[in-house]
1. Of the residues that sit in the stretch 105-135 and are in a helix (DSSP H, G or I) and not charged (D, E, K, R), which one is nearest to residue 227 (Cα to Cα)?
2. Within the stretch 307-328, track down each residue that is surrounded by 10 or more Cβ atoms within 10 Å (Cβ to Cβ) and of a type outside the set (A, V, I, L, M, F, W, C).
3. Kindly indicate which of 136, 126 is of a type in the set (A, V, I, L, M), out of contact with any helix residue (DSSP H, G or I) (no Cβ under 7 Å at 6 or more places or on another chain) and assigned by TED's automatic domain parsing to the domain that holds residue 218.
4. Could you say which residue among 219, 267, 301 is of a type in the set (Gly, Ala, Ser) and buried (at least 18 other Cβ atoms within 10 Å of the Cβ)?
5. Among what's in the stretch 48-104 and is part of a helix (DSSP H, G or I) and free of Cβ contacts under 8 Å to residues at least 40 places away in the same chain, pick the residue that is nearest to residue 217 (Cα to Cα).
Amino acid sequence: MELLDGLTKVKQGKVRDMYRTQAGIVMVASDRISAYDVVLPTPIPDKGAVLTGLSAYWFDRTADIVPNHMISTQPDDYPPEAKQHAAELRGRSMLVREAEPVPIECVARGYITGSGWKEYKQNGTVCGIRLPEGLVESQQLPEPIFTPATKAETGHDENISFEVAAEIAGTDTMTALRDLTLALYSFAAAHARERGIIIADTKFEFGVVDGDIILIDEALTPDSSRFWPASEFEPGRGQPSFDKQYVRDWLDGAGWDHTPPGPDLPADVVANTRGKYVEAYERITGASFGRMAQPMKARVAIDVMLKEGILDPQGKTVEESMPSLGFGGVSAVRIGKHISLELEASSPEDARRQIEEMSRR
């Protein structure tokens, strides 16, 4: 069953599903997790709620820097066709304005790490920007830099220079996006640093509504940013983090070659990843995640049928009675059971996982 049965799904991304309503787009953050541009088969419980909660937190606090697409995160404010799904949507969805996306990922880097560190080691630059000699891994840059990338629907985003981005989106647009990206990063980095978190880098997406640039998608989450604990920061090495780098590191250690399908994540990796996302939420917002993410009640209907080849006396009896009722053309009758139950789950994905596990047992 679709999460928002009866609505038009306009897009399904690696993590988010988009549904059109009469009042805007309902953006639903699932518990799916991707790594190396592959969606992994194992969800991370409560991840969608963390992403939505943090995005809403930052949208509220950066609206004076740039307007954003958020209308509401409360399903009671949604139009009727979406409001009927309030139980499933609460905590992990956002009603947003529909915008025309600018086809550029806008990345701000305050520290040298990840793909930037790899490029710097080779030629001393990041996306064409010459950096000082002698930097070490994870070192803070003299000032934050803007490094755009292409937006890939599938496959890898590609780092590009400002000049190439300007050819794609226009010089005036890219100049505005560069200024907005650096302003957002500087504000957020200072805000998070007061709460014991270093935002090493982050990416934003922007769109256009009625000719005006607005911030869209998500903002400053563990999926779009590198969050490091400030108390453990030590330049010259990779840093512990509150983001999905933990999953990437486990995948690399497991020997996965980064081609689909991805491997199942073990229970301890799932639990630790969830803990890192929740800790990032609580440190940054100062609020308890437990108050936000109450378990949802899922009503589940299951139809159970005998496998082909197994005798079905009840089905045979019903089939033999059909001619006397005037239905001589009825055949191959099989009798099954309809089971209805209610269970607690952190998300629709978690409910499906529990049902699949019940079925296997």
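The values are calculated or read from the model by the stated rules, or taken from the named source; none is laboratory data. Note that the coordinates shown come from a computational prediction; the quantities given were computed from them, not determined experimentally. As a convention, Cβ positions derive from the backbone with ideal geometry for all residues, glycine included, and neighbour counts pool all protein chains shown.
1. 114
2. Across the stretch 307-328, the qualifying residues are 312, 314, 315, 316, 317, 319, 320, 321, 323.
3. 136
4. 219
5. So the residue we want is 56.
Per-residue answers, yes or no, for (1) under 16 Å from the mean Cα position of the chain (by Cα); (2) assigned by TED's automatic domain parsing to the domain that holds residue 159; (3) under 16 Å from residue 206 (Cα atoms):
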{"site": "18", "(1), (2), (3)": "yes, no, no"}
{"site": "30", "(1), (2), (3)": "yes, no, no"}
{"site": "44", "(1), (2), (3)": "yes, no, no"}
{"site": "58", "(1), (2), (3)": "yes, no, yes"}
{"site": "62", "(1), (2), (3)": "no, no, yes"}
{"site": "69", "(1), (2), (3)": "no, no, yes"}
{"site": "79", "(1), (2), (3)": "no, no, no"}
{"site": "104", "(1), (2), (3)": "no, yes, yes"}
{"site": "111", "(1), (2), (3)": "no, yes, no"}
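Each row is one residue, and each column tells you yes or no for (1) out of contact with any Leu (no Cβ under 6 Å at 6 or more places or on another chain); (2) within 30 Å of residue 259 (Cβ to Cβ); (3) modelled with pLDDT of 95 or more; (4) surrounded by 17 or more Cβ atoms within 10 Å (Cβ to Cβ).
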| residue | (1), (2), (3), (4) |
| --- | --- |
| 117 | yes, yes, yes, yes |
| 126 | yes, yes, no, yes |
| 132 | yes, no, yes, no |
| 143 | yes, no, yes, no |
| 148 | yes, yes, yes, yes |
| 154 | yes, yes, no, no |
| 157 | yes, yes, no, no |
| 171 | yes, no, yes, no |
| 174 | yes, no, yes, yes |
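Here's the yes/no breakdown for (1) part of a loop (DSSP other than H, G, I, E, B); (2) under 16 Å from the mean Cα position of the chain (by Cα); (3) more than 21 Å from residue 146 (Cα to Cα):
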residue: 198; (1), (2), (3): no, no, no
residue: 202; (1), (2), (3): no, yes, no
residue: 207; (1), (2), (3): no, no, no
residue: 220; (1), (2), (3): yes, yes, no
